[in-house]
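J.: Please read through the structure below; I'll follow up with questions.
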Amino acid sequence: MDIQKFQDHINDGYKCEGDALVLGGAMFDDDNVLSDGKIKVPVKMLNRHGLISGATGTGKTKTIQLIAEEMASNSISVLVMDLKGDLSGLATAGDSNSGIESRHEKIGIPYNSEKFNAELFSLSDEPGARLRATVLE
């Protein structure tokens with residue numbers, strides 16, 4: 001498949017009517033990132049069940065983080081159960097670096113480091129609003 005057919009395939013496959021969240025850009029191979037091939041999900045589909053699975057290091061947490069950030073940026077309330085604390089960084093703005101800037105330039109999506117309103121709850125003595133429940137609750 002040539003690069004133009006691939007880009008057309010991506011654009012046809014992720015065509016959306018109405019509001020959509022942009023999750024990233026498509027890569028044809030290591031050297032060809034398509035700035036015009038955007039991966040999108042319709043906002044109206046976000047009230048459905050979903051599953052993100054994969055081996056360690058394949059980007060599951062980053063995908064959840066990106067979806068939560070995009071939803072929050074579009075004034076959609078988000079509740080994330082984060083037992084390991086991987087997503088607590090949403091509550092503070094990130095730092096940019098040359099790798100991030102280069103990647104965003106290639107995919108044609110500006111990098112905007114943003115702090116999101118977040119309330120952290122805790123079942124233990126860890127920092128956050130103490131969440132209390134009985135076994136019966």
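Each reported figure results from applying straightforward, stated rules to the coordinates on display, with no laboratory input. This structure is a prediction, so every number in the text was calculated from the model and none was measured. Cβ sites come from the backbone with ideal geometry, for glycine too, and all protein chains shown count toward neighbours.
J.: Under 14 Å between alpha carbons, and skipping anything fewer than 8 positions from LYS5 in its own chain: which aspartates and glutamates qualify?
T.: ASP29, ASP36
J.: Sticking with this structure for a sec: Once amide H atoms are built 1.01 Å from N in the peptide plane, which residues 5 or more positions from ILE39, or in another chain, come under 5 Å H to H?
T.: Distant-sequence amide H within range of ILE39: LEU23, GLY24, GLY25, ALA26.
J.: OK, next. Past 27 Å, Cα to Cα: identify those pairs from LYS15/LYS115; LYS44/LYS84; LYS15/LYS84; LYS15/LYS60; LYS15/LYS62; LYS60/LYS106, in the order given. Before the final figure, lay out each step's value.
T.: Numbers: LYS15/LYS115 29 Å; LYS44/LYS84 29 Å; LYS15/LYS84 35 Å; LYS15/LYS60 23 Å; LYS15/LYS62 23 Å; LYS60/LYS106 22 Å.
From the list (LYS15/LYS115; LYS44/LYS84; LYS15/LYS84; LYS15/LYS60; LYS15/LYS62; LYS60/LYS106), the Cα-Cα distance tops 27 Å for LYS15/LYS115; LYS44/LYS84; LYS15/LYS84.
J.: If exposed means no more than 15 neighbouring beta carbons inside 10 Å and the site is in a DSSP loop, what's the longest run of the chain without any exposed trypsin sites (Lys or Arg not before Pro)?
T.: On the way: sites that count: LYS15, ARG48, LYS84, LYS115, ARG132.
Answer - 49-83.
J.: Now for a separate question. What number comes out for the charge environment of ASP30, summing +1 per Lys or Arg and -1 per Asp or Glu over other residues with Cβ under 13 Å away?
T.: Around ASP30, the charge tally is 0.
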